[in-house]
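The values are calculated or read from the model by the stated rules, or taken from the named source; none is laboratory data. This structure is a prediction, so every number in the text was calculated from the model and none was measured. We place every Cβ from the backbone using ideal geometry, glycine too, and count neighbours over all the protein chains shown.
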Amino acid sequence: MFQQRKMRLACVMGAALMLAMLFITQAVNMPTAHASQGNIVTPDQFHGVNWADPRDNFANDAVVPSGLSVLDNYAVTYAKARAIIKGFATNLSANTVRLPINPYTVNGQFWNAYTGAIKAATDQGFKVILSYWEGTGSFQDGKIDDLTTFWQMWKTVTNKYHSNKLVYYEPMNEPHGYSDSEWTNIVVQWINNYPLVSRSQIFVSGAGYNDHVTSVCADSRLDGTFVSLHNYGFWNPNQISYDAWINDFKARIGSCAYRTVVDEWGAPMTSGWDYNGPINNNGYIAYVQAGTDLMRSWHLGSVYWPGLRNGDGYSMETLNGSGTDLTLTNNNASGVSRLKHSYGL
């Protein structure tokens, strides 16, 4: 998600967003223009969390969400996932989980077992967003690692799940190696390659680091899809006011709130900070309060990073237990409160 890209992102994004924000209004209320677009898709149905590999989902082998193992068979994977998904539902009131995939996972031996995690989620009524992550090292360049295995991966996935309306497809996470137009062309090709997939099951990542959805939203070839946004407090560490963060989110979304799911946002959850308390020049508290208020008032989808990732201070949950006897506990009560607030609960 963020550790390996923190420094370069902070420099790249600050200047562009400062200019864009000069033209954005202060109001949090949903603009009339958004409502007039019609209810093609309903992003606020997604009350979600990411369930991540401890390695940040960037891997040159199978991605393995925290608590799972490549050594587990289908039945064990299903049982572990059932417990973790139940924890997301009980503790966080979530109904959506975003899961990573890559060709090593789908085209390899782990795929059969991994489908047990997807089944455990959908059996509990969860929506599942499957998103492709690139590899690590020299492969971590914001581009698809290998087109041949990429298309084969998605063929396997869409053939299996196209008739399951609880499964959604995000062709690539954070496609920052492509220009905005290059990225939209790739997504158009994805849509054409898999015609059995309904557009309402597709999440089009915002360009760059998923950091703005304005360009993908403006391309009429992508009409009828969801668009996904990422935004983090560390991208603008000197931005410490509530209003500045409201404007930051608005600049990234533009007039596309009616299709937008924020499928990565997060903040430190083991710091002891009170995200419902006074801001007191704490940029993370300002970011969380502004972001969750805007997601709620603009009826955006909200998918927190991460609901569970072992070793991540942003993780909303801690994993307890062993084998298939697993439970989750909350790391920050005020963080949970703000997450539910973003869901509109």
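Structure values in brief
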{"read-out": "Pair list, Cβ < 7 Å and 6+ apart or interchain, from the stretch 191-210 residues that are under 17 Å from Ile129 (Cβ atoms) to residues that are surrounded by fewer than 22 Cβ atoms within 10 Å (Cβ to Cβ) and of a type in the set (Gly, Ala, Ser)", "value": "Arg199/Gly224; Ser200/Gly224"}
{"read-out": "Tabulated pairs, the stretch 137-163, first in contact (Cβ under 8 Å) with a residue 40 or more places away in the chain, second part of a helix (DSSP H, G or I) and exposed (fewer than 14 other Cβ atoms within 10 Å of the Cβ), C-beta under 8 angstrom, 6+ apart or interchain", "value": "Gln140/Gln4; Trp151/Asn193; Trp154/Asn193"}
{"read-out": "Hey, Ala59 part of a helix (DSSP H, G or I) and either of a type outside the set (A, V, I, L, M) or modelled with pLDDT of 95 or more (or both) or not", "value": "no"}
{"read-out": "Any chance Arg82 is at pLDDT 95 or above, among the basic types (Lys, Arg) and part of a loop (DSSP other than H, G, I, E, B)", "value": "no"}
{"read-out": "Single residue of Ser179, Ser138 found to be among the polar types (S, T, N, Q), over 20 Å from the mean Cα position of the chain (by Cα), modelled with pLDDT under 95 and farther than 22 Å from Gly48 by Cα", "value": "Ser138"}
{"read-out": "Residue list for the stretch 232-241, restricted to those being crowded, with 22+ Cβ neighbours inside 10 Å and either hydroxyl-bearing (Ser, Thr, Tyr) or part of a loop (DSSP other than H, G, I, E, B) (or both)", "value": "Tyr232"}
{"read-out": "Top-ranked residue of the stretch 106-138 - restricted to ones that are aromatic (Phe, Trp, Tyr) and part of a helix (DSSP H, G or I), ranked as nearest to Tyr74 (Cα to Cα)", "value": "Tyr114"}
{"read-out": "One residue from Asp293, Asp274, Asp312 being modelled with pLDDT of 95 or more, farther than 17 Å from Pro237 by Cβ and in a helix (DSSP H, G or I)", "value": "Asp293"}
{"read-out": "Meets criteria (within 20 Å of the chain's Cα centre (by Cα) and in contact (Cβ under 8 Å) with a residue 40 or more places away in the chain) for Thr225", "value": "yes"}
{"read-out": "Pairs where the first residue, in the stretch 318-345, is at positive phi and the second is assigned to a strand (DSSP E or B) and β-branched (Val, Ile, Thr), C-beta under 8 Å, 6+ apart", "value": "Gly321/Thr327"}
{"read-out": "Residue among Thr122, Thr148, Thr105 that alone is more than 16 Å from the chain's Cα centre (by Cα) and buried (at least 23 other Cβ atoms within 10 Å of the Cβ)", "value": "Thr105"}
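Quick grid of which residues meet (1) surrounded by fewer than 18 Cβ atoms within 10 Å (Cβ to Cβ); (2) in contact (Cβ under 8 Å) with a residue 24 or more places away in the chain; (3) at negative phi:
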| position | (1), (2), (3) |
| --- | --- |
| Thr270 | yes, yes, yes |
| Asn280 | yes, no, no |
| Ile285 | no, no, yes |
| Gln289 | no, yes, yes |
| Asp293 | no, yes, yes |
| Leu308 | no, yes, yes |
| Ser315 | no, yes, yes |
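Each row is one residue, and each column tells you yes or no for (1) buried (at least 22 other Cβ atoms within 10 Å of the Cβ); (2) at positive phi.
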{"residue": "Tyr209", "(1), (2)": "yes, no"}
{"residue": "Ser215", "(1), (2)": "no, no"}
{"residue": "Asp243", "(1), (2)": "no, no"}
{"residue": "Gly254", "(1), (2)": "no, yes"}
